[in-house]
Amino acid sequence: MTTRAEKGEQRYVLNMGPQHPSTHGVLRVILEMEGEYVMDPQPVLGYGHRMHEKMAECRSWPNFLPNAARMDYLAALIYNHGYVGVVERLAGIEATPRAEYIRVITSELNRLQSHLLWLGVLVLDLGAFTPIMYTFEDREKILDILEDVTGSRLTYCYMRVGGVVRDIDDKFVERTREYIKWQRSRMPMYDKLVTGNIIFRKRIEQIGEFSPDMARRYGLTGPVLRGTGIPYDIRRAEPYSVYPEFDFEIPTETSGDCMAAYLVRVREIEQSLRILEQALDKLPDGPFMAKVPKKLKLPAGDACYTVESPRGELVYHLIGDGSDTPYRMKIRVPSFSNLSLLPELCSGMLLSDLCACMGSLDLVIPEIDR
Amino acid sequence: MESKDSVIAAFKKIPVTVEEVQFAQRGYHLEITLEAGQLRAFAELLRTGNFYLSFVSGLHLATGIEVSYQFANYGFPCRLLANVGVDADNSVPTIADIFQGANWHERETKDFYGVIFRDHPNLKPLLLAEDMEDLKPLLKKEKTLKDRAGISRTEPEAQPTPAVKEDA
């Protein structure tokens, strides 16, 4: 078969975004096309850039707490967790045991709602409208539970250095238990509706070839990495908070395609439910906030704190100089590195498959742009 | 390389200054100081040792700009932070051909600090707009600059204070 180029057809440039339903935010991708094949996709970033790292250097550390939630709007509590974690580590403060449990419980609920939204929109990107209606019904339950205790539904600012801002009560525990039961009862339905759907499988099986070597070259983390067979999860590899106290698995797949990333994420839903169950059973009594000096200064020195966000490895690197304002704060976000492999991954692929790949990476653009 | 100790042993060949730090207090295992001229050999070594690049970042000090590289390993717990002082012409060699993920991280560091990564394939603004190339937002004003000593721990690393068991 002669290629289009040999037939004298020119390559053309197609602009995808910055507003496009498949880019899940203001991301622009310049696609160099040959017919329906993408020959060179180049992401253009920065439309949502707010310079959070500069803001951290311009205000005292407590005033940065709300910023943490505004990078990844789908994992605000996990970003909260990382930020209070890095300040605690630098200042040598330990949160109370009950607070650590509450942090894990709320973080896992946050992870579940992120995975549920991803499940809905991935399938939506591929042209099926129905599943997102079901996942939103589930997700709504989590948002209602979290709203009662944190006061917000999306951009939470719930964790504080030394603990959390409000205690959880019996009603919260009861509703979360009900939710766990509900979510488990829904999974067989998703299995039939989505996982077993032949059209869906044809769209993502053997699409995208992620490999362990490519992962190392680009710093790929999260469920997509685990889809290549590497069981790397910060909750297990560099345990933080009270995660070592729970029994859970790190799901992996070996095929390294979009289907593998899909299966890993769906199986992670069950693992998060298991962590929630155990945390609710073991939840210790006691204060939800440790005694912390009213005007806490950050000592000179540096510290990192790494957490597992729904998309991969999130690192806060904080450098203090003895004042209450950070001298420097670097925030390493997972989607940034994960998206950077798009040009290598998607060259030579059909345009519709590129949408499947971007959906599998579960991109959150405000997190990349920061 | 399959353990932290073998990594430290391998670094002796370059040679770079390696300090083992307390993970509980610092959140990483090894702190490394090296010259810009050693950077590529250092990156090659980590590439053959199956490390991945976590991030590249900058730091503006009174003595000049430093570039930091964080690497970690999927196989065993070994997170390391390497600090490199830039050369007199504000540049360091690129590692984007060794770790392709460094491409964007280096462009971001160029945006924020103006550091030139020599032989980078495409050092155009990434997060900033093209007409903001001279902004260099993370450079500090002279009076707020500190030196290395001003941001280093003064006392030996202590155990974290235990939580107070009473209501705040």
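Some observations on this one:
- In a DSSP loop and with at most 16 other Cβ atoms within 10 Å, the GluC sites (Glu not before Pro) in the stretch A:212-265 are A:Glu249.
- Put a plus charge on the Cβ of each Lys and Arg, a minus charge on the Cβ of each Asp and Glu, and nothing anywhere else: the dipole of the stretch B:4-151 about its Cα centre is then about 400 debye.
- Taking every C-alpha pair closer than 8 Å and separated by at least 6 residues, the mean separation divided by the residue count of chain B gives a relative contact order of 19 percent.
- Between helix A:170-190 and chain A: long-axis angle, C-alpha atoms, 0 to 90°, nearest 10: 20
- Kirkwood hydrodynamic radius (C-alpha pairs) into Stokes-Einstein, the stretch A:305-370, 20 °C and 1.002 mPa s, D in µm²/s: 156
- A 1.4 Å probe run over the protein chains yields, for the stretch B:4-151, 41 Å² of accessible area per residue, whole-number rounding.
- Candidate lysines for bridging to B:Lys12, where Cα separation is under 20 Å - those fewer than 8 sequence places away on the same chain excluded: B:Lys4
- Between the residues B:Leu145, B:Thr109, B:Met1, the greatest Cα displacement towards the positive end of the dipole of chain B, with unit charges on the Cβ of Lys, Arg, Asp and Glu, is found for B:Met1.
- Inter-chain shielding of B:64-71 (mean C-beta neighbours from other protein chains, 10 Å cut-off): 2
- Residue among A:Leu146, B:Val67, B:Leu45 farthest towards the positive dipole end of the protein assembly as shown, charges placed on Cβ: A:Leu146
- Cα gyration tensor, chain B - rounded (a/c under 1.5), prolate or oblate: oblate
- Computed lengthening from B:Asp87 to B:Gln25, 0.36 nm per intervening residue step minus Cα-Cα distance: 19.2 nm
- For the residues of B:48-60, the average number of beta carbons from a partner chain within 10 Å of their own beta carbon is 5.
- Each 10 Å bin from zero up to the one holding the largest Cα-Cα distance in the stretch A:247-370 carries the following percent of pairs: 10, 26, 29, 23, 11, 2.
- Solvent exposure of the stretch A:49-345 as accessible area per residue, Å², 1.4 Å probe: 33
- Largest first, the extents of the alpha carbon coordinates of chain A on the three principal axes equal 74, 48, 33 Å.
- Loop-resident GluC sites (Glu not before Pro) (DSSP state other than H, G, I, E or B) in the stretch A:34-70 with no more than 12 further Cβ atoms inside 10 Å of their Cβ: A:Glu36.
- Length gained on full extension, A:Ser211 to A:Cys58, computed as 0.36 nm times the residue gap minus the Cα-Cα distance: 51.0 nm.
- Its DSSP H runs of at least 4 residues, each contributing -39,500 (n - 2.57), put the calculated 222 nm mean residue ellipticity of chain A at -14500 deg cm²/dmol, to the nearest 500.
- The stretch A:155-288, relative contact order [Cα under 8 Å, separation at least 6], %: 25
- Annotation for the stretch A:108-150 versus the stretch A:68-82: alpha-carbon center distance of 16 Å.
- Taking the charge dipole of chain A about its Cα centre, with +1 at Lys and Arg Cβ atoms and -1 at Asp and Glu Cβ atoms, the residue from A:Ser107, A:Leu273, A:Ala237 reaching farthest to the positive side is A:Ser107.
- Chain A: angle of helix A:351-361 to the longest principal axis, Cα-based, in degrees nearest 10: 20
- Whole-number percent relative contact order across the stretch A:49-345, with pairs defined as alpha carbons under 8 Å at least 6 apart: 26
- Within the stretch A:46-198: Cβ-based charge dipole about Cα centre, in debye rounded to nearest 20 (Lys, Arg +1; Asp, Glu -1): 120
- For residues of B:76-83, the mean tally of beta carbons on other chains within 10 Å: 2
- Interface residues of the stretch A:228-272, defined as those with an accessible-area decrease of at least 50 Å² between the chain by itself and the complete set of protein chains (probe 1.4 Å), are A:Tyr232, A:Glu238.
- About its Cα centre, the protein assembly as shown has a charge dipole of approximately 680 debye under the convention of +1 per Lys or Arg Cβ and -1 per Asp or Glu Cβ, with nothing else charged.
- Distance histogram in 5 Å bins (all Cα pairs of the stretch B:1-51, percent per bin): 5, 19, 30, 26, 15, 5, 0
- Distant-in-sequence amide H partners of A:Arg160 (H built 1.01 Å from N, under 5 Å): A:Val165
- At the residue level, B:Lys124 shows approximately 110 square angstrom of accessible surface with a 1.4 angstrom probe and all protein chains present.
The values are calculated or read from the model by the stated rules, or taken from the named source; none is laboratory data. Since the model is a prediction, treat every value here as computed from it, not as a measurement. Cβ coordinates were reconstructed from backbone atoms using ideal geometry, including for glycine residues, and neighbour counts include every protein chain displayed. Note: accessible area is taken over every heavy atom of the protein model, side chains too, but ligands, DNA and RNA are not part of it. Shrake-Rupley method; radii C 1.70, N 1.55, O 1.52, S 1.80 Å.
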